[in-house]
Amino acid sequence: MKHMAKVDVLLGAQWGDEGKGKVVDTITPRYKVVARFQGGPNAGHTLIIDGKKHVLHTIPSGVFRPGIVNLVGNGVVIDPVIFMREVDALKAIGIDVKENLRIGRRAHLILPNHRTLDAASEADKGKGKIGSTLKGIGPTYMDKTGRNGLRVGDLERSDLAERYDTLKRKHERLLTLYESTGVQTTNEHEWMDAVKRLRELPLVDSEHFIDETLRAGHDVLAEGAQGTLLDIDFGTYPFVTSSNTISAGACTGLGVAPSRIGRVIGIFKAYCTRVGSGPFPTELDNDLGENIRQAGGEFGSTTGRPRRCGWLDIPALRYAVMINGITELAMTKADVLSGMAEVSLCTHYKVNGRMTDRMPYDICTDIEPIFESMVGWKDRSSIDGRLSAFIERVEQAVGVPITMVSLGPGREQMVLRETAAVH
Ligand code: IMP
């Protein structure tokens, strides 16, 4: 029988920064196309190749593998200046993006004023600020759903300048509502130059491109950005990003029917981190948290901000498994916890005096995490008996096999667990 090609989805099962870029790079050789479906340059996917660090913000993580086509789908928001900088950095290391990159015409553009608006809106929120990366993500998605946005496909239209001016005037009116933050945004000339270069890259209709790829019998990997708990609908609202980071986002962000989704691979760290504001039940706001931050190099790859660190949160991970339909998990950064006498994981929450293993509606209320401790592991480079026990405990708690375990940033530091089983 003919192979039914599918779109497999790989996404973050926590608050982002789970190490998705590395896992994508590991499994990419199985695919013909790697596609981003949401978010924008708020993301920072780090890959270490031949000992050299590369950070991608908008371009999919398959770009380092020859023969793979990388699609920026319609659900992504693109800052042309950041995008072209990324293209130039790839060119400098010999990667020809004209060959292996495609950009969806329906993807929306981040304008210089979107960043100004992002900064103004955050400043206006005062203590309630989201902790946004200030890349203009929220205001761009607002213009998309408000039906005011500029799309990549508009770059091919003759009335582009008029459309740009109309949106710019709207932004200027909006900005009068806010106090000036003095934040410098992208220079308009730089933006215009970047847009001219962007137009020269291969633009496609992502829905047709994916359909043709699948019809030709090739599987596609959809690469998520941020993480499940930053999803606009199911995350810790309002401390979330402005897109659907969950598996359903791959359908709308690429133009793929749900029946064509295959495996859903969830990535999680052996502990949790969060950057920016918002609830974080298992946070370790103490020396232990600081030790994990230092050992794990937990500083934002986009903003450089220190990430908040805490123990693994099982109720949150189970929620991610449920909402995404995760079929298998990859655990990253297990090496970071090695050498600790004891590691903990949160199995339940106590909310208003009652025990639950569910993610509550209002995660912003006081949640007391209930922890279970396990003996720590020593080995950094392989899965010893204690790390095995930890992995099996997580599998048993979430009901999904952990098929990959990452023990360091390099391509070679990934252990595939063929025998992963759920009890
Ligand atoms: P925004 O999407 O830049 O507006 O940020 C909204 C929230 O999501 C903030 O708390 C950010 O720190 C967080 N966030 C956005 N992108 C990422 C990411 O790629 N990794 C981790 N957190 C992110």
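Any read-out appearing in this document is the output of simple, stated calculations on the displayed coordinates, not a laboratory observation. On a predicted model such as this, the values are computed, not experimentally measured, just so you know. Positions of Cβ are backbone-derived with ideal geometry, glycine not excepted, and every protein chain shown enters the neighbour counts.
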From the phi of every residue in segment 155-160, what ³J(HN,Hα) in whole Hz does the Karplus formula 6.51 cos²θ - 1.76 cosθ + 1.60 yield, where θ is phi - 60° and glycine or proline is x? 5, 8, 9, 6, 9, 4
Listed residues 84, 355, 404; largest mean-square fluctuation, Gaussian network over the chain with Cα springs below 10 Å, found at 355
Please list, by residue number, every one of the GluC sites (Glu not before Pro) in segment 114-215 that is coil in DSSP and has at most 13 other beta-carbon atoms within 10 Å. 179, 200
So the angle from the long Cα axis of helix 385-398 to the longest Cα principal axis of the chain, reported in degrees to the nearest 10, equals 60 degrees
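How big, on average over all directions, is the shadow cast by the Cα convex hull of segment 1-118, in nm²? Don't skip to the end; give the middle numbers.
Numbers: hull surface 35.4 nm².
So the mean shadow area of the Cα hull is 8.8 nm².
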Electrostatic dipole magnitude of the chain [Cβ: Lys, Arg +1; Asp, Glu -1; Cα centre; debye, to 20]: 600 debye
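Could you calculate, for segment 238-277, the ratio of the Cα radius of gyration to the Kirkwood radius, expressed as Rg to Rh?
In segment 238-277, Rg relative to Rh is 1.06.
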Enumerate the amide H contacts of residue 77 below 5 Å, restricted to partners 5 or more residues apart or on another chain; note that Pro and chain-start residues carry no placed amide H. 39, 40
The chain: angle of helix 287-296 to the longest principal axis, Cα-based, in degrees nearest 10: 60 degrees
Taking the beta-carbon count within 10 Å as an exposure proxy, list 155, 387 from fewest neighbours to most. 155, 387
Show me, for segment 267-278, the HN-Hα J-couplings you get by feeding each phi into the Karplus relation (A = 6.51, B = -1.76, C = 1.60, θ = phi - 60°), rounded to Hz, glycine and proline as x. 9, 9, 8, 5, 9, 10, 9, 8, 10, x, 7, x
All lysines inside 28 Å of residue 53 as judged from Cα atoms, apart from same-chain residues fewer than 8 positions distant: 20, 22, 32, 91, 98, 135, 269, 333, 378
Kindly express, to the nearest 10 degrees and within the range 0 to 90, the angle between helix 206-215's C-alpha long axis and the longest C-alpha principal axis of the chain. 60 degrees
Please compute, for the alpha-carbon atoms of segment 80-158, the extent along each of the three principal axes and give them in descending order in Å. 45, 32, 16
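With N set to the number of residues, divide the alpha-carbon radius of gyration of segment 229-340 by 2.2 N^0.38 Å and report two decimals. Before the final figure, lay out each step's value.
Working: Rg = 15.3 Å, N = 112, 2.2 N^0.38 = 13.2 Å.
That ratio works out to 1.15.
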Name the long-range amide H neighbours of residue 227: under 5 Å, sequence gap of 5 or more, or other chain; modelled H, no Pro or chain starts. 16
What percent does the relative contact order of the chain come to when contacts are Cα pairs within less than 8 Å and at least six residues apart? 20 percent
In vacuo Debye sum over C-alpha of the chain, base-10 log of normalised intensity I(q)/I(0) at q = 0.06, 0.08 Å⁻¹, listed in q order, is -0.24, -0.43
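Give me 349, 361, 237 ranked fewest to most by other Cβ atoms within 10 Å of their Cβ, as a rough exposure proxy.
Fewest-to-most ranking of 349, 361, 237: 361, 237, 349.
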Run through every distinct alpha carbon pair of segment 96-255 and return the Kirkwood hydrodynamic radius in angstroms, one decimal place. 17.5 Å
Sites residue 88 and residue 342, calculated FRET efficiency, Cβ-Cβ separation with R0 45 Å, nearest 0.05: 0.45
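With a 10 Å Cβ neighbour count serving as the proxy for reagent exposure, in which order, fewest first, do 48, 402, 103 appear? Before the final figure, lay out each step's value.
Values: 48 16, 402 22, 103 27.
Listing 48, 402, 103 from fewest to most nearby Cβ atoms yields 48, 402, 103.
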Per DSSP H run of n ≥ 4, the term is -39500 (n - 2.57); total these for the chain, divide by its residue number, and report the mean residue ellipticity at 222 nm rounded to 500 deg cm²/dmol. -9000 deg cm²/dmol
Theoretical FRET efficiency, 1/(1+(r/R0)^6), r = Cβ-Cβ of residue 375 and residue 124, R0 41 Å, to 0.05: 0.25
Can you give the Rg/Rh ratio of segment 12-58, where Rg is from the C-alpha atoms and Rh is the Kirkwood radius? 0.95
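Would you kindly state how much longer the chain becomes between residue 145 and residue 3 on full extension, computed as 0.36 nm times their sequence separation minus their alpha carbon distance, in nm to one decimal?
Separation in residues times 0.36 nm, less the Cα-Cα distance, equals 47.4 nm.
Counting each pair of different Cα atoms once, what's the Kirkwood radius of segment 63-116 in Å, rounded to one decimal?
Result for segment 63-116 stands at 12.1 Å.
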Per residue of segment 313-319, what does 6.51 cos²θ - 1.76 cosθ + 1.60 with θ = phi - 60° give for ³J(HN,Hα)? Whole Hz please, x for Gly and Pro, Karplus curve as stated. 10, 5, x, 5, 5, 4, 4
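Full-extension gain between residue 192 and residue 52, please, as 0.36 nm times their residue separation minus the C-alpha to C-alpha distance. The partial results should precede the final answer.
Details: separation 140, 0.36 × 140 = 50.40 nm, distance 3.17 nm.
Separation in residues times 0.36 nm, less the Cα-Cα distance, equals 47.2 nm.
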If amide H atoms are modeled at 1.01 Å from N in the peptide plane, then the residues at a separation of 5 or more from residue 299, or on another chain, having amide H under 5 Å from its own are 307
Sticking to Cα atoms, compute the Rg of segment 210-258 to one decimal and its Dmax as the biggest Cα-Cα distance, whole number, in Å. 12.9, 42
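Please report, to one decimal in angstroms, the Kirkwood hydrodynamic radius of segment 320-419 built from all distinct Cα-Cα pairs.
Working: mean 1/r = 0.0663 Å⁻¹.
In segment 320-419 this quantity evaluates to 15.1 Å.
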